[in-house]
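These notes concern the structure reproduced below.
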Amino acid sequence: MQTAETNYKRIYGLTVKQIAERIMQREDNIYRIEVVRDVLDKYCEECANALIDGEKLNISGIGTLTPKIHAPVTMNIFDDEDEKRIPYVTVNYHRNNKLKDKMNSRYRKNIENGFAGLSEKCICTTQQRNTLIEKGVMKGEIENAEED
């Protein structure tokens with residue numbers, strides 16, 4: 001049975017450099033890596049600018065990012081040092097239905113094959129695996145949750 005590692009090293013996810021390298025490995029690619037990285041950098045910059053301008057951002061095949069403003073209730077007691085009362089912005093994410101279906105399908109297929117996760121980069125914790133086993137969704141033996 002697969003076990004999640006619990007080192008608290010920060011993982012930043014896929015970078016523009018890594019995406020450019022993946023594109024370079026594609027058979028249908030005809031561009032130099034410098035051109036690909038430049039286009040990706042500009043795309044990311046435009047996405048960030050759109051969010052900063054309060055625009056909803058739809059990334060084809062991925063989903064939608066929507067900025068949401070918050071103006072906390074101060075009850076007429078406003079302290080500049082109290083961060084809980086300072087207005088702020090969050091970004092809500094809603095994934096594309098096609099992507100959602102593909103991810104769920106892979107996850108369920110992996111569970112049927114005895115692997116609780118999407119890939120080695122995204123696996124269930126011991127507690128999550130135990131829940132899947134308890135509910136009869138996955139076969140296996142319940143493990144000690146303190147291992148994660």
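Since every read-out is calculated from the coordinates, none of them should be taken as a lab result. Owing to the predicted nature of the structure, the values given are computational and were not obtained by experimental measurement. Methodologically, a virtual Cβ is constructed for each residue, glycine included, from the backbone with ideal geometry; neighbour enumeration extends over all protein chains shown.
Going through the cross-link list LYS17/LYS102; LYS17/LYS109; LYS109/LYS135; LYS56/LYS121; LYS17/LYS42, which pairs have a Cα-Cα distance over 23 Å in this structure?
From LYS17/LYS102; LYS17/LYS109; LYS109/LYS135; LYS56/LYS121; LYS17/LYS42, over 23 Å: LYS17/LYS102; LYS17/LYS109; LYS56/LYS121.
Once label points are set 7 Å from the Cα along Cα→Cβ at both VAL89 and SER105, what is their separation, rounded to one decimal in nm?
It works out to 3.6 nm between the two label points.
Compute the length gained on full extension between VAL16 and ARG32: take 0.36 nm times their separation in residues and subtract their Cα-Cα distance, giving the result in nm to one decimal.
Full-extension gain reported as 4.3 nm.
Label the range 28-72 by shape, choosing from rounded, prolate and oblate, from the square roots a ≥ b ≥ c of the eigenvalues of the Cα gyration tensor; if a/c is under 1.5 it is rounded, and otherwise prolate applies when a/b is larger than b/c, oblate when it is not.
It is prolate, given that a/c is not under 1.5 and a/b is the larger ratio.
What whole number of Å gives the distance from the Cα centroid of the range 37-71 to the Cα centroid of the range 83-145?
25
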